[in-house]
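The values are calculated or read from the model by the stated rules, or taken from the named source; none is laboratory data. As the structure is a computational prediction, the values presented were derived from the model and not from experiment. Backbone-built Cβ (ideal geometry, glycine too); neighbour counts: all protein chains shown. Note: accessible area is taken over every heavy atom of the protein model, side chains too, but ligands, DNA and RNA are not part of it. Shrake-Rupley method; radii C 1.70, N 1.55, O 1.52, S 1.80 Å.
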Amino acid sequence: ALSLAIEFDCYLIDEVIMVGDQRFHAKCAEELFEKRASRAMIIASHDMTAIRSYCSKAVVLEAGKITPFADVEEAVEIYNAL
């Protein structure tokens, strides 16, 4: 909640959208992905639906190694194969 009280150029989101009830999810979606759509966001998540919905690029972290992907769907396929 505090991070939404201050306007940042970049937000680091770590599974925060996965907690709470449906009302909380809707509020998070509005505050982060609608009102702050022009901001940069780094989202760390195991929820591939959220990654597909909100991300335009992705990285997969495996055994300490980061592999970047311009195609989110490719990253999701690689992640799901792990």
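Quick notes on this one:
- Matching residues in segment 56-82 - criterion: being free of Cβ contacts under 8 Å to residues at least 24 places away in the same chain and among the polar types (S, T, N, Q): 56, 67
- Matching residues, segment 13-24, being modelled with pLDDT under 85, more than 21 Å from residue 73 (Cα to Cα), surrounded by fewer than 14 Cβ atoms within 10 Å (Cβ to Cβ) and not aromatic (Phe, Trp, Tyr): 19, 20, 21, 22
- Test for residue 38: is it more than 16 Å from residue 14 (Cβ to Cβ) and assigned to a loop (DSSP other than H, G, I, E, B): yes
- Residues that are open to solvent by less than 50 Å² (accessible area, probe 1.4 Å) and among the acidic types (Asp, Glu), drawn from segment 28-41: 31
- Only residues that are open to solvent by less than 70 Å² (accessible area, probe 1.4 Å) and either at pLDDT 85 or above or in a strand (DSSP E or B) (or both) were counted in segment 1-12, giving 2.
- Filtered residues of segment 42-70 (kept if surrounded by 12 or more Cβ atoms within 10 Å (Cβ to Cβ) and in a loop (DSSP other than H, G, I, E, B)): 45, 47, 55
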